[in-house]
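The values are calculated or read from the model by the stated rules, or taken from the named source; none is laboratory data. Predicted, not measured: the structure shown is a model, and the values here were computed from it. Methodologically, a virtual Cβ is constructed for each residue, glycine included, from the backbone with ideal geometry; neighbour enumeration extends over all protein chains shown. To get the accessible areas, we keep the full protein, side chains included, count just its heavy atoms, and leave off ligands, DNA and RNA. Shrake-Rupley method; radii C 1.70, N 1.55, O 1.52, S 1.80 Å.
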Amino acid sequence: MQKELNPELFGEKKVVKSSPADAAANLGNNSNYLNTDRQIFELRSQNQNLHNQLEKIVGSVNEWIKTSNVKFEKQASLLTRLEQSHNGLATEAGQKISMLSAKVNERRALDLKVQEMVDRHNNIVKSFEVRMNHLQKLLAEKEAQMIASQAALNEAKMEIARLKRL
């Protein structure tokens, strides 16, 4: 006996003249055919359910992707704003540091000028003290000479007064 595929399996129907014996056999085949149709229907409904579930999953994944993209864009914009703010603050800090450095350098220059003036003043004061000491010595000498002259003058007056009495 040669093996043959059931032509009803793929939806092909073979027209065969049937005899009453074949009709009884066809009833059994029809019930098999109904079982197969019912299984196909169940598989299609399961397939449709899976397809619906897959569409829901794809929709939720797409929604999640959109939400994630929005969040990533927000984060990127926040990061950009933060970088701009940081760069602005860094620039401002750099400017303030350079201004402060300029002020410190100016202050050092002024301090050096003040120190030079103080040194010159101290030199002038020392020179004045030396001159003052010299003048005090001269004054002391002149005072001693004046006292000596006064004593001589008093002596001379007394001598003249004594001579007048004589």
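Longest segment of the chain with no GluC sites (Glu not before Pro) in a DSSP loop having at most 13 other Cβ atoms within 10 Å? Before the final figure, lay out each step's value.
Values: sites that count: GLU4, GLU12.
Between exposed loop sites, the widest span is 13-166.
Just the number, please: carbon plus sulfur as a percent of the accessible area of the chain, 1.4 Å probe, no ligands or DNA/RNA counted.
Numbers: 9570 of 15960 Å².
After summing per-atom areas, the C and S share lands at 60 percent.
Counting heavy atoms of the protein chains only and a 1.4 Å probe, report the per residue accessible area for the chain as a whole number of Å². Before the final figure, lay out each step's value.
Working: 15960 Å² over 166 residues.
For the chain, the per-residue accessible area is 96 Å².
How far apart, in nm, are two points set 7 Å out from the Cα along the Cα-to-Cβ line at ALA152 and at ALA140?
Once both label points are built, they end up 2.2 nm from each other.
Residue farthest toward the positive end of the dipole of the chain, with Cβ of Lys/Arg at +1 and Asp/Glu at -1: which of LEU34, ALA90, ALA140?
Farthest along the dipole direction, towards plus: ALA140.
What does the charge count near LEU100 come to, summing +1 for each Lys or Arg and -1 for each Asp or Glu among other residues with Cβ under 12 Å from its Cβ? Kindly include the intermediate steps, with their values, before the conclusion.
Working: positive: LYS96, LYS103, ARG107; negative: GLU106.
Net of charged neighbours comes to +2.
For PHE41 and GLN75, calculate 0.36 nm times their separation in residues minus their Cα-Cα distance, and state this gained length in nm to one decimal. If you can, show how the numbers build up before the last one.
On the way: separation 34, 0.36 × 34 = 12.24 nm, distance 4.99 nm.
So the chain would gain 7.3 nm between PHE41 and GLN75.
Which value, in Å² rounded to 10, gives the accessible area of SER127 with a 1.4 Å probe and all protein chains present?
Roll a 1.4 Å probe over it and SER127 shows about 50 Å².
Quick one: if you stick a label point 7 Å off each Cα along the C-beta vector at ASN122 and ALA90, how many nm between them?
Inter-label distance under the simple model: 4.7 nm.
Identify which of the listed values of log10 I(q)/I(0) by the Debye sum over Cα atoms at q = 0.09, 0.12, 0.14 Å⁻¹ was calculated from the structure shown: (1) -0.28, -0.49, -0.67; (2) -0.48, -0.65, -0.77; (3) -0.83, -0.96, -1.04.
Structure-derived value, by its label: (3).
Expressed as an acute angle from 0 to 90° and rounded to the nearest 10, what is the orientation of the C-alpha long axis of helix 20-165 relative to the principal long axis of the chain?
Relative to the chain, helix 20-165 is tipped by roughly 0 degrees.
What's the longest bit of the chain with no exposed trypsin sites (Lys or Arg not before Pro), using DSSP loop states and at most 10 other Cβ atoms within 10 Å as the test? Walk me through the numbers on the way to the answer.
Values: sites that count: LYS3, LYS13, LYS14, LYS17.
So the longest stretch without any such site is 18-166.
For GLN48 and LEU82, compute 0.36 nm times the residue count separating them, minus their Cα-Cα distance, and round to one decimal in nm. Provide the component values of the computation, followed by the final result.
Numbers: separation 34, 0.36 × 34 = 12.24 nm, distance 4.98 nm.
Once the chain is fully extended between GLN48 and LEU82, it gains 7.3 nm.
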